[in-house]
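Single-structure report; data block below.
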Amino acid sequence: MQKTHYSPQAPAERSGAALAGSVSVRIPDAEAGSRLDQALARMFPEHSRSRLAAWTRDGHVTLDGRTCEPRQRVWGGEHVAVAPPPGSQPGDDQAQAIALSIVHEDDDIIVIDKPAGLVVHPGNGNPDGTLVNALLHHAPQVAAVPRAGVVHRLDKDTSGVMVAAKTLEAHTALVRQLQARTVHRHYAALVHGLPPASGLVDEPIGRDPRARVRMAVVASGKPARTRFTRVEVFSGCALIECSLETGRTHQIRVHLTHLGHPLLGDPVYGPRRAALAAPLAGFERQALHAWRLGLVHPSTGKTMQWEVPLAPDMAALLARIREIGA
């Protein structure tokens, strides 16, 4: 992984030191001919271009009082108004004293070993008790960072290592690394059947047209790439390692199901009929654990990597499978 030091550009004409609320500013003449999303990214470097583009598409950005598109050109002198949506501003979520397993922490980032069962973001059905609430209590300064610094997520019932930013600058740097695919994420997974020794699943992922609560491989989906290597073989299942080149919702779960080897214990994408009932008794989640994370530190430019052991329940499942020769 190439070592890169990310240094946000100095802001152009704008009001205040950060986009902490609704603002209206003049597009600098120097941005003449630029796309709107590119100009906004230079004017508000604490936010990623993709985030500003999403706000624009959702109607939270206006140009001279009119809705606009991220790709349209600006010529300088226009007045742009940005009103960040609910959930992106301080005070939207509450700090809660929830224990965190901290792998690494410094002034810029915090690396967490997330347990299975912990939801990352508040949402419908989970208004609190999430990783975001825990981060707000542990490091109150993340209240000034979108989504309390969370730049990627793990499903509720996926365990393992993930990173959050503690500053706006670190948040933008990490988002850009994710976009550039220089964040390395490795997972351990227990799957049904005997997958190939190694391979690449390069299939687009989108909403399942037959069940909108699920994701699926669909031609109209977003590009998604998952690499895998077989690590250990048992009777009826296997342990594999996966690495992500993209970060789509339920990506590993969907790709492995598409391959014909769904995760053990997966209540959404697994086989309808119970399989491997003996070792799976008491294991009530998908057998997926993020065990390694590598990235470039936003401030130092140093390549860093962290590894965490299998979550206790998944380690116990693997031990049972080995013991009975499943």
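The values are calculated or read from the model by the stated rules, or taken from the named source; none is laboratory data. The model shown is predicted, which means the values in this text are computed figures rather than measured ones. Note that we place each Cβ from the backbone using ideal geometry, even for glycine, and neighbour counts take in every protein chain shown.
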In segment 228-242, residue farthest from residue 290 (Cα to Cα) [restricted to those that are surrounded by fewer than 16 Cβ atoms within 10 Å (Cβ to Cβ) and either of a type in the set (D, E, K, R) or touching a Ser or Thr at 6+ places or on another chain (Cβ under 8 Å) (or both)]:
232
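In segment 234-264, how many residues are touching a residue at least 60 places away in the same chain (Cβ under 8 Å) and either more than 21 Å from residue 152 (Cβ to Cβ) or assigned to a helix (DSSP H, G or I) (or both)?
Total meeting the criteria: 13.
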Please specify each residue of segment 158-185 satisfying the condition of being surrounded by fewer than 20 Cβ atoms within 10 Å (Cβ to Cβ) and in a strand (DSSP E or B).
184
Among the residues in segment 134-154, are any out of contact with any Cys (no Cβ under 9 Å at 6 or more places or on another chain), modelled with pLDDT under 95, among the basic types (Lys, Arg) and not in a helix (DSSP H, G or I)?
yes
State whether the residues of segment 108-131 include one that is in a helix (DSSP H, G or I), under 19 Å from the mean Cα position of the chain (by Cα) and assigned by TED's automatic domain parsing to the domain that holds residue 154.
yes
Only one of 188, 216 that is in a strand (DSSP E or B) and closer than 27 Å to residue 320 by Cβ:
188
Residue 56 meets each of (1) surrounded by 15 or more Cβ atoms within 10 Å (Cβ to Cβ); (2) part of a loop (DSSP other than H, G, I, E, B); (3) among the polar types (S, T, N, Q) with one exception, condition (2)
In this structure, does residue 75 turn out to be in a loop (DSSP other than H, G, I, E, B), aromatic (Phe, Trp, Tyr) and not assigned by TED's automatic domain parsing to the domain that holds residue 287?
yes
Quick one: what pairs do we get from segment 182-202, first residue without any contact (Cβ under 8 Å) to a residue 40 or more places away in the chain, second outside any strand (DSSP E or B) and of a type in the set (Gly, Ala, Ser), C-beta under 8 Å, 6+ apart or different chains?
202/224
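Would you pick out the residues in segment 14-36 that are surrounded by 13 or more Cβ atoms within 10 Å (Cβ to Cβ), of a type in the set (Gly, Ala, Ser) and at pLDDT 85 or above?
First pass over segment 14-36, keeping only residues surrounded by 13 or more Cβ atoms within 10 Å (Cβ to Cβ): 14, 18-20, 23-28, 31-32, 34-36.
Of the ones still in play, those that are also of a type in the set (Gly, Ala, Ser) are 18, 20, 24, 32, 34.
Across segment 14-36, the qualifying residues are 32, 34.
Which one is nearest to residue 280 (Cα to Cα), of the residues in segment 191-213 that are of a type in the set (A, V, I, L, M) and in a strand (DSSP E or B)?
Across segment 191-213, the extreme among qualifying residues is 191.
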Of the conditions (1) crowded, with 23+ Cβ neighbours inside 10 Å; (2) of a type outside the set (Phe, Trp, Tyr); (3) within 16 Å of the chain's Cα centre (by Cα), residue 142 satisfies every one except a single condition; which number is it?
(3)
Any residue in segment 272-294 that is assigned by TED's automatic domain parsing to the domain that holds residue 247 and outside any strand (DSSP E or B) sitting within a Cβ distance under 9 Å of a residue that is among the β-branched types (Val, Ile, Thr) and modelled with pLDDT of 95 or more? List the pairs, counting only those 6 or more apart or interchain.
285/158; 286/158; 286/252; 287/191
Return the only residue of 249, 303 being surrounded by fewer than 17 Cβ atoms within 10 Å (Cβ to Cβ) and within 24 Å of residue 115 (Cβ to Cβ).
249
Quick one: what pairs do we get from segment 110-123, first residue on the phi > 0 side of the Ramachandran plot, second outside any strand (DSSP E or B), C-beta under 8 Å, 6+ apart or different chains?
117/156; 117/157; 117/285
